[in-house]
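The values are calculated or read from the model by the stated rules, or taken from the named source; none is laboratory data. Keep in mind it's a predicted model, so treat the numbers as computed, not measured. We place every Cβ from the backbone using ideal geometry, glycine too, and count neighbours over all the protein chains shown. The protein model used for the area step is the full one, side chains on, heavy atoms only, and it has no ligands, DNA or RNA in it. Shrake-Rupley method; radii C 1.70, N 1.55, O 1.52, S 1.80 Å.
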Amino acid sequence: LRLSKKRVLFGFVLVVIAHLVYFSVFSRQILEESPESVQYLDRHGAPLRTRLSADETYMQKVPISGISPHFLRACVLIEDRHFYKHIGISFTSVFRALFQNIRERKIKSGASTITMQLAKLLKRNRSRTIWNKISEAYYALKLELHLTKSEILEAYINRLPFGNMIYGIQAASRYYFNKNPRDLSLNQAIYLALIPKSPTLYNPIKHLSTLKIRKKWILNAFRKKSLISEDEYQRVLSEGICFSWRHNPMIAPHFIEKIESETAGAALPGKRGKITTTIDRQIQIEARGILSEALDRLQPYQVKSGAIVIIDNRDQSVIAFIGSPDYFNSKSSGFINYADALRQPGSTLKPFIYALALERGWTLSDIVPDIRFPARGGFFPSNHDGQEHGPLRLRPALANSFNIPAFYLAMKLTPAMIIDRLQKLGFDYLNQASGFYGETIALGAGEVKLFDLTVAYSVFAHGGKLIRPTLLKDIRGHSTRIFSESSAYLIWHSLADPNAR
């Protein structure tokens, strides 16, 4: 008997020590482990696109200070009226649930507090078993010991399921009402606070009438228990509800894919879950409309697609990037990013050849031939208008984009020298031997990307310096001098001179 008492005492001490260790050890890291979806914003903070989280959900965290007091109150009243009084477990609710379950002979109520529900979400318990319930109760006690009520409520609200792959009040408020959670009215707050009870049954898209009935029942219960004032009751009762069904926008999808491919594995700047780009949403939308109108006019010529890149030379930021007019149009392969696709550049490389000529001692007043002559291999360069314009100065030859003078300059400068300078401009994929391109590099031999071409043209706006463009806000690109300031200015002036044409 004495040995048995010692064993019991020893076992009791072990249990006490185990509990002390269990409740004393807590890592806040578990609160950070929930994967968030990534929201891409334009330079003014307007949404461009939201990427799903690692759990294939839309979820973005928000501090409790950014949540409407109406929602906080509605959430507590609906889920756990005694939240601010209990220690993680509501024994009143436990006894009430036990009585209901015995009477109904099935699990009718779980008596879970908000803290216990948070414990379930953190532990990712799916099945409703007695052992899971016990572990959730223990963990709830630990959460109450190490966290404040505000921290518990914030963590809970940011993990609530709202249906349609949406988790957390930030994503729910945006999706259902196109609002920040701090701007929710009491009426909207009650609707949203009801959805997590059963995201399928109370899905506003499919079962709005069921949700409205439940909302009216809850509202009456609030009034009977004096949880809301008569004025609040009457106001909410008289208000209608309008869900916006704000689906995930798809503005600049090719641009966002470009960011992700170029920054794969790198830590991006900005607030958690949000990445601010250089795109101007309004300009992006207007540019897409301009492209669509242009393609409508070009239908007789069987032109199916196009691309636009706009760079603001003041800070070398990309403010519009359209890889195709319609990302989801399979007939025109809209998913292909034509702004980053290799295409023949036509005459667009000529200004760089003329700038190189100025670097090698030529002037805009020098004479070049615009007369038919045989090149190597019996090739005769010709102009796009089929005519010859006799000897010309460099300025009008460039401004009119005549082929023969450009070809002549390419012969004098040599293709090797031109290719070397083009590679420094960013066309490093023009990596074949210079003989592969020959002098026809001046007429569009070789393929370049529209994005790189736009960046290269900005060298004339920056006094001969090539500044790498930025895709993310508040990041500066590095610069490299390609041409002298005087050469860059003279080419810019020639291209901008209507008299030269």
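What the table below lists for this structure:
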item	result
Any hit, the range 36-52, residues being in contact (Cβ under 8 Å) with a residue 40 or more places away in the chain, surrounded by 18 or more Cβ atoms within 10 Å (Cβ to Cβ), farther than 16 Å from Leu192 by Cβ and over 13 Å from the mean Cα position of the chain (by Cα)	no
Segments classed as helices (runs of 4 or more DSSP H), wholly inside the range 16-133, with at least 1 members that are within 29 Å of Ala171 (Cβ to Cβ), at pLDDT below 80 and of a type in the set (A, V, I, L, M, F, W, C)	none
Phe352 aromatic (Phe, Trp, Tyr), within 22 Å of Met250 (Cβ to Cβ), crowded, with 22+ Cβ neighbours inside 10 Å and modelled with pLDDT of 95 or more	no
Qualifying residue in the range 297-315 (condition: modelled with pLDDT under 95 and surrounded by 21 or more Cβ atoms within 10 Å (Cβ to Cβ))	no
Members of the range 308-327 that are in a strand (DSSP E or B) and of a type in the set (D, E, K, R)	Asp312
Qualifying residue in the range 461-476 (condition: closer than 25 Å to His493 by Cβ, in contact (Cβ under 8 Å) with a residue 40 or more places away in the chain and in a strand (DSSP E or B))	yes
Residues located in the range 376-389, provided they are modelled with pLDDT under 90 and surrounded by 16 or more Cβ atoms within 10 Å (Cβ to Cβ)	Pro381
Residue match in the range 168-177 (condition: open to solvent by less than 20 Å² (accessible area, probe 1.4 Å), in a loop (DSSP other than H, G, I, E, B) and under 14 Å from Ile64 (Cα atoms))	yes
Test: Tyr138 is at pLDDT below 90 and either surrounded by 23 or more Cβ atoms within 10 Å (Cβ to Cβ) or touching a strand residue (DSSP E or B) at 6+ places or on another chain (Cβ under 9 Å) (or both)	no
Residue that is modelled with the lowest pLDDT [pool: residues in the range 478-501 that are closer than 20 Å to Arg421 by Cβ, among the small types (Gly, Ala, Ser) and surrounded by fewer than 19 Cβ atoms within 10 Å (Cβ to Cβ)]	Ser479
Output for the range 178-195, where each listed residue is outside any loop (DSSP other than H, G, I, E, B), within 15 Å of Cys75 (Cα to Cα) and open to solvent by 20 Å² or more (accessible area, probe 1.4 Å)	Arg182, Gln188
Residue check for Asn337: buried (at least 22 other Cβ atoms within 10 Å of the Cβ) and either more than 23 Å from Ala456 (Cβ to Cβ) or in contact (Cβ under 8 Å) with a residue 24 or more places away in the chain (or both)	yes
